[in-house]
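Please read the structure below before turning to the comments.
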Amino acid sequence: MSTLTIFNSVPAQAVEAPAATSAPSGRLIPAVLGADLEVPVKGGRLVSYANLDYAASAPCLEPVSAAVAAALPAYSSVHRGAGYASQLTTARYEQSRHTVRAFVGARPDDAVIFTRNTTDATNLLARCLPEGTTVVVFDSEHHASLLPWERSVRLAPPAFPGEAVRAADEALAGIEGPKLLVVTAASNVTGELWPIAALAHIAHRHGARILVDAAQLVPHRRLNLTALDLDYVAFSGHKLYAPFGAGVLIGRRDWLAEGEPYLKGGGAVRSVGETTEWHDDPEPRHEAGTPNVLGAIALAAACDALTATGWTELVCEEERLIARLRAGLASIEGVHELSLWGEDHPRVGIVSFVVDGYSAREVAEALSGEYGIGVRDGKFCAHPFVRHLLGTADGGCEDGTASAVRASIGIGSTQEHVDRLIEALRDLVGR
């Protein structure tokens, strides 16, 4: 009996039905764990936690928790065990690969390699680039996309989307040999959406490939790798309501099949003797050792939950809340939103801002300690970009100078959370 037959023949472990809310279409929007969390604030009171830090790590969806709970009783090592639990866990692990492939609309022959996170996935691809590959990357990228490359051309943050396309066009035209364009789909600092379809077209016109960092896109918007003609996509489970330490690299097999194994160890080899014969298939070749099975199952469960909910409902609610948040920030004198392409450019549920007279750390600590609001402060692992947005050539990060505050929303965010942040900032600037 095959592992998939075993998987399909075993009923799901009984788990408590997750709470959910109804969308206008009648579909259920899944709940997040921790929605009833209370936190201490100044004076010793307990208040409900307003989590506005989704861009760092999104809370776990209840269907994701349920999927992990269902897998735990038969949890075992994968791929090399003949026992029932190992066969069942292997089937669940490989089914997770199929689920993730479908979630991003990947091509049937694309590799789907489980990693620790987006940074790990990007570094894996960096190890597999053909010799002499030049990488073109914008200074507006997250460090995960900016730093792994041995040979790169760094472009200044573009003044408008068309400038991004033009700059990539010119840079790629001047490069001989293998080349790769690396770009985010949605900025982790401003939330602004990048023209990845146009950039993919430009890359291919110059014989280059494109890697898209989709970590901040896939929790908010549907992504279709095939329709966009992308070569590689990377994202993290912990941004996608699956906080169990798994990520994924999805894309064309040839570079991955020919590259040096990312990790060298059990599972990556066909045989070991006087010489070592590595697997030709990218998945085993780059997944040596015992993988994070529960992380992969969690990631797949999050993909299933978002797909079942439907993007229309999720996007509509997010856009309503983010518009309310941005309007509220704009109404407060001394609060300034950061933006690369202007207030009207489309974005996901991320807003960064600064407050006159306060460091970013002071604002974040006041919001947490006095109002029970969780936000992020700093440069968000995008130091060159934040400095560009703030108009500073350099600046510290530990003390909050030359830094910003970031508020981010997702499933589980409420109008009360948004309004509490706006009122807290009004109180703060009015002191």
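Per-structure values
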quantity	calculated
Residue count for segment 285-329, restricted to those that are more than 30 Å from residue 69 (Cβ to Cβ), touching a strand residue (DSSP E or B) at 6+ places or on another chain (Cβ under 7 Å) and surrounded by fewer than 21 Cβ atoms within 10 Å (Cβ to Cβ)	2
Test for residue 17: is it of a type in the set (A, V, I, L, M), outside any strand (DSSP E or B), modelled with pLDDT of 95 or more and on the phi < 0 side of the Ramachandran plot	no
Segment 148-166: number of residues that are surrounded by fewer than 20 Cβ atoms within 10 Å (Cβ to Cβ) and in contact with a Pro (Cβ under 7 Å, 6 or more places away or on another chain)	2
Options 91, 70: the member that is outside any loop (DSSP other than H, G, I, E, B), out of contact with any helix residue (DSSP H, G or I) (no Cβ under 8 Å at 6 or more places or on another chain) and in contact (Cβ under 8 Å) with a residue 40 or more places away in the chain	70
Any hit, segment 75-87, residues being in contact with a Ser or Thr (Cβ under 7 Å, 6 or more places away or on another chain), of a type outside the set (S, T, N, Q), part of a helix (DSSP H, G or I) and buried (at least 22 other Cβ atoms within 10 Å of the Cβ)	no
Sole residue being modelled with pLDDT of 90 or more, out of contact with any strand residue (DSSP E or B) (no Cβ under 9 Å at 6 or more places or on another chain), over 28 Å from residue 225 (Cα atoms) and not aliphatic (A, V, I, L, M), chosen from 266, 273	273
Candidate set: segment 131-160, residues that are hydrophobic (A, V, I, L, M, F, W, C) and assigned to a loop (DSSP other than H, G, I, E, B); chosen: the one farthest from residue 383 (Cα to Cα)	160
Options 230, 225: the member that is closer than 24 Å to residue 179 by Cβ and in contact with a Gly (Cβ under 7 Å, 6 or more places away or on another chain)	225
Subset of segment 102-127 [under 13 Å from residue 283 (Cα atoms), out of contact with any His (no Cβ under 7 Å at 6 or more places or on another chain) and assigned to a helix (DSSP H, G or I)]	121, 125
Qualifying helices (runs of 4 or more DSSP H) (wholly inside segment 231-336; at least 2 residues being closer than 18 Å to residue 221 by Cβ)	293-309, 311-330
Pick from segment 337-363, criterion part of a helix (DSSP H, G or I) and crowded, with 23+ Cβ neighbours inside 10 Å, ranking: farthest from the chain's Cα centre (by Cα)	363
Total residues in segment 191-230, condition touching a Ser or Thr at 6+ places or on another chain (Cβ under 6 Å) and in a strand (DSSP E or B)	1
Failed item, numbered, when residue 145 is tested on (1) hydroxyl-bearing (Ser, Thr, Tyr); (2) in contact with an Asp or Glu (Cβ under 9 Å, 6 or more places away or on another chain); (3) surrounded by fewer than 20 Cβ atoms within 10 Å (Cβ to Cβ)	(3)
Complete set of residues in segment 129-144 that are over 14 Å from the mean Cα position of the chain (by Cα) and more than 20 Å from residue 200 (Cα to Cα)	131, 132
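The values are calculated or read from the model by the stated rules, or taken from the named source; none is laboratory data. Values in this document were obtained by computation on a predicted structure and should not be read as measured data. A quick note on method: Cβ atoms are made from the backbone with ideal geometry, for glycine too, and the neighbour counts reach across all protein chains shown.
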